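Engineer: The structure follows.
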Amino acid sequence: MSKKVLILSGSPRKNGNSDLLCDEFMRGALESGNEVEKIRITEKKVSPCSACYYCRDHGGVCVHKDDMADILQKMVDADVLVLASPVYFYSVNAQLKAVIDRTVARWLEVKNKEFYYIVTMADEAHASADTTLACFRGYADCVDGAVEKGVLIGSGVYEPGKVKNTSAMERAYQMGKQI
């Protein structure tokens, strides 16, 4: 059965390491017959959450008029969410974190999702991705019916494109194919 897959690429660099792994994941998911969309968060305007709770009193409509309403609707509609980020000081980058925080407007509607996580980092030690993964998992813990389906860590990659020469590319493709 075909699934709707939404890939949220937090990579600030087009064709950066996280972004390249997202492309490989997407290739695998498409080859398996799924409907796949990748959103490069840095190409969208997403303001940080103001914690004003305007959304609570206005049916999930946010006070900020930016690209997040469209992204959030796609998150609600998706069967599979792929969260991808480079590790920045042992955590998720700001661009993707803003998206996660802004789901508060309709957070109860984001439910029954399969989650995949893609993380890249310069460090070789996979433990350096723990805090980033904890952030992703903390968000998934707030999603009713969330199921973690896969984790991919591309380690030892800093320069843009360096991940192309690693086994992480094949793992990303295979992870996408398993959907």
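The values are calculated or read from the model by the stated rules, or taken from the named source; none is laboratory data. Owing to the predicted nature of the structure, the values given are computational and were not obtained by experimental measurement. Quick reminder, even Gly has a Cβ in these numbers, built from the backbone with ideal geometry, and neighbours come from all protein chains shown. Side chains included, ligands, DNA and RNA excluded: accessible areas come from the protein's heavy atoms. Shrake-Rupley method; radii C 1.70, N 1.55, O 1.52, S 1.80 Å.
Engineer: Would you tally the residues in the range 49-76 being out of contact with any helix residue (DSSP H, G or I) (no Cβ under 9 Å at 6 or more places or on another chain), open to solvent by 70 Å² or more (accessible area, probe 1.4 Å) and either part of a helix (DSSP H, G or I) or touching a residue at least 60 places away in the same chain (Cβ under 8 Å) (or both)?
Structural biologist: Matching residues across the range 49-76 total 2.
Engineer: Considering the range 11-43 alone, what residues qualify as being under 16 Å from Val163 (Cα atoms), polar (S, T, N, Q) and surrounded by fewer than 19 Cβ atoms within 10 Å (Cβ to Cβ)?
Structural biologist: Across the range 11-43, the qualifying residue is only Asn15.
Engineer: Okay, moving on. Return the residues of the range 140-152 that are within 17 Å of Asp79 (Cβ to Cβ), open to solvent by 20 Å² or more (accessible area, probe 1.4 Å) and of a type outside the set (Gly, Ala, Ser); say none if nothing qualifies.
Structural biologist: Asp144, Val147, Glu148, Lys149
Engineer: I'd like the residue in the range 117-131 that is surrounded by 21 or more Cβ atoms within 10 Å (Cβ to Cβ) and touching a Phe, Trp or Tyr at 6+ places or on another chain (Cβ under 7 Å) and, out of all such residues, is farthest from Asp57 (Cα to Cα).
Structural biologist: Ile118
Engineer: Within the range 2-22, which residues are within 16 Å of Lys44 (Cβ to Cβ), in contact with an Asp or Glu (Cβ under 8 Å, 6 or more places away or on another chain) and modelled with pLDDT of 95 or more?
Structural biologist: Leu6, Ile7, Ser9
Engineer: Cβ-Cβ distance below 7 Å, separation of 6 or more or different chains: which pairs start in the range 24-44 with a residue that is without any contact (Cβ under 8 Å) to a residue 60 or more places away in the chain and assigned to a loop (DSSP other than H, G, I, E, B) and end on one that is β-branched (Val, Ile, Thr) and buried (at least 17 other Cβ atoms within 10 Å of the Cβ)?
Structural biologist: So the pair list comes out as Lys44/Ile71.
Engineer: A further question on this structure: Restricting the search to the range 153-169, which residues are open to solvent by 30 Å² or more (accessible area, probe 1.4 Å) and either touching a residue at least 40 places away in the same chain (Cβ under 8 Å) or closer than 18 Å to Asn15 by Cβ (or both)?
Structural biologist: Tyr158, Glu159, Pro160, Lys162, Lys164, Asn165, Thr166, Met169
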